[in-house]
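These notes are about the structure you will find just below.
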Amino acid sequence: MKFSLKLSNGKDEKSGEWNRPTFANCTAFGEVSEEILKDYKPKDEIWLILKYYSRQVDEKYYNGFIVRKIITDKEIEKADETLLNDDISF
């Protein structure tokens with residue numbers, strides 16, 4: 001499955017307007033692809049672990065991201081709890 005993600009580039013500090021977004025070409029395979037098709041629709045927010053690739057074939061460059069894992073809301077909540085409970089030593 002191939003798709004594009006729209007990535008935010010934040011707001012301009014002076015004008016307060018949104019900067020133009022960046023689009024990233026992504027490819028997902030197997031179970032990850034099936035899960036994305038089943039659980040997500042256009043404009044949904046999704047957290048992913050990606051691997052960037054860049055290849056040159058006949059003097060033309062191809063690049064994008066391969067989806068390795070979907071990060072679930074439960075995993076995000078657990079990470080937040082872990083960070084809040086960890087003591088930081090100085």
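Read the figures in this text as sums done on the coordinates, not as results from a lab. These numbers come from a predicted model, not from an experiment. Using ideal geometry, Cβ is built from the backbone for each residue, glycine included, and neighbour counts are taken over all protein chains shown.
Using θ = phi - 60° and the Karplus form 6.51 cos²θ - 1.76 cosθ + 1.60, what ³J(HN,Hα) does each residue of the stretch 46-59 get, whole Hz, x for Gly and Pro?
Running phi through 6.51 cos²θ - 1.76 cosθ + 1.60 with θ = phi - 60° gives 9, 9, 9, 9, 10, 10, 7, 10, 8, 9, 10, 10, 6, 6 Hz.
List the pairs from Lys11/Lys51; Lys51/Lys78; Lys11/Lys78; Lys38/Lys78; Lys11/Lys60; Lys6/Lys78 whose alpha-carbon separation is above 31 Å, in the order I gave them. Spell out each step's value before the answer.
On the way: Lys11/Lys51 26 Å; Lys51/Lys78 23 Å; Lys11/Lys78 29 Å; Lys38/Lys78 24 Å; Lys11/Lys60 33 Å; Lys6/Lys78 26 Å.
Listed pairs above 31 Å: Lys11/Lys60.
Could you work out the pair-distance distribution P(r) of the chain from its alpha-carbon pairs, with 10 angstrom bin width and percents rounded to whole numbers?
Pair shares across the bins are 13, 32, 30, 21, 4, 0.
Any idea what diffusion coefficient the stretch 16-66 gets from Stokes-Einstein, in µm²/s, Kirkwood Rh on alpha carbon pairs, 37 °C, 0.692 mPa s? The partial results should precede the final answer.
Details: Rh = 13.4 Å.
Translational diffusion coefficient: 244 µm²/s.
Can you work out ³J(HN,Hα) from phi for every residue in the stretch 7-22, in order, using Karplus 6.51 cos²θ - 1.76 cosθ + 1.60 and θ = phi - 60°, giving whole Hz and x for Gly and Pro?
Here the 3J(HN,Hα) series is 9, 6, 10, x, 9, 5, 5, 7, 8, x, 8, 5, 6, 4, x, 9 Hz.
Just to be sure I understand: of the beta bridges DSSP finds with both ends in the chain, what percent are antiparallel, rounded to 5? Please report the intermediate quantities before stating the final value.
On the way: 18 of 20 bridges.
Within the chain, antiparallel bridges account for around 90 percent of the total.
By average Cβ neighbour count within 10 Å, what is the ranking of 25-37, 59-71, 3-15 from highest down? Each step should come with its number before you reach the end.
Working: 25-37: 14.3, 59-71: 12.4, 3-15: 9.8.
Final packing ranking: 25-37, 59-71, 3-15.
Show me, for the stretch 29-40, the HN-Hα J-couplings you get by feeding each phi into the Karplus relation (A = 6.51, B = -1.76, C = 1.60, θ = phi - 60°), rounded to Hz, glycine and proline as x.
Result, ordered by residue: 10, x, 4, 4, 4, 4, 5, 4, 4, 6, 9, 10 Hz.
Under 5 Å between amide hydrogens, which residues at least 5 positions from Leu50 or on another chain qualify, with H placed 1.01 Å from N in the peptide plane?
HN-HN under 5 Å from Leu50: Arg68.
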